[in-house]
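These notes are about the structure you will find just below.
The values are calculated or read from the model by the stated rules, or taken from the named source; none is laboratory data. Note that this is a predicted model, so its numbers are computed, not measured. In this analysis, Cβ positions are derived from the backbone assuming ideal geometry, glycine residues included, and neighbour counts consider all displayed protein chains. Note: accessible area is taken over every heavy atom of the protein model, side chains too, but ligands, DNA and RNA are not part of it. Shrake-Rupley method; radii C 1.70, N 1.55, O 1.52, S 1.80 Å.
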Amino acid sequence: MSIVRESDLIGIGKKYQIETEAGDNMVVVIHDDGRRELYRSEDDDSETHCVMTLSDEESRQVAGIIGGLSYKPKALETMEVALDDLRIEWYKVGTSSDGANKSIGELGVRQRTGASIIAAILEDETIINPGPEYIISPGTTLVVAGKKANIKLLKEILI
C-alpha cells in the first residue's frame, strides 16, 4: 500500500506526498482556488518537478478515470474495494432485474438500503453521482458504495 503524507500550506492549500508501492514519489498540491499541481521527484534528485497543472473540473475527470468510474476491464464482472467498513462495488443491471427501468428515487435506494449509487455507466456514457430521477436501464453498470450489509440490501432491490 502507498504511503501518503498530508500537510497544510498556509495561504495556498494542502500538499499530499505520495510514495507508491512501485517506489515512485509524487506530490499533489491542491490550491484553495481549486487548481491541482502534480509533481514528480526523480530517484537521484530530492527536487520535485511540476508535471502538470489541472483545473478543478479536470482533476475530477482524471480522478474518475484513474478510479475506474469510466472504464472497467471486461474481465472484471464484479470488483470490490474495501476501505475499512466502506465497500465500492460494480454491479451490472440485467434485463430481468426488478430495478431495471425504474428511477433511483422510485426504488428509494438510499432510504431503503443506506448504500449510494456513485456512478452509472451505460455504453460510452458515464453519469457520476446520478440523482433520484435517474432511470436505471438494463445493461447499466452501477458503481455503488456503502457497508457490506447496505450493498447486499441494494442488490436485493435491484435483482
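See the values below:
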read-out: R40/N101 FRET efficiency (R0 35 Å; Cβ-Cβ; nearest 0.05); value: 0.15
read-out: Phi-based couplings in Hz for segment 124-130 (Karplus 6.51, -1.76, 1.60; Gly and Pro marked x); value: 9, 10, 10, 10, 8, 6, x
read-out: From phi via Karplus (6.51, -1.76, 1.60), per-residue ³J(HN,Hα) for segment 50-55 in Hz, x at Gly/Pro; value: 5, 8, 6, 10, 10, 6
read-out: Acute angle (nearest 10 degrees) that the helix 56-66 long axis makes with the longest principal axis of the chain, alpha-carbon atoms; value: 70 degrees
read-out: Pairwise label distance in nanometres, M52 with L122, each label 7 Å out on the Cα-Cβ vector; value: 3.0 nm
read-out: Over the chain, relative contact order from alpha-carbon pairs under 8 Å, at least 6 apart, %; value: 16 percent
read-out: Karplus-derived 3J(HN,Hα), 6.51/-1.76/1.60, for each residue of segment 18-29, Hz, glycine and proline x; value: 10, 10, 7, 4, 6, x, 6, 10, 9, 10, 10, 10
read-out: With Cα atoms, 0 to 90° folded angle of helix 148-158 axis to the chain main axis; value: 40 degrees
read-out: GNM top mover of E42, E57, E89 - the chain, alpha-carbon springs below 10 Å; value: E42
read-out: Within the chain, helix-based [θ] at 222 nm, where runs of 4 or more DSSP H residues each add -39,500 (n - 2.57), nearest 500; value: -5000 deg cm²/dmol
read-out: With DNA, RNA and ligands ignored, accessible area of T95 (1.4 Å probe; Å², nearest 10); value: 120 Å²
read-out: Whole-angstrom Cα spans of the chain along principal axes, big to small; value: 57, 31, 29
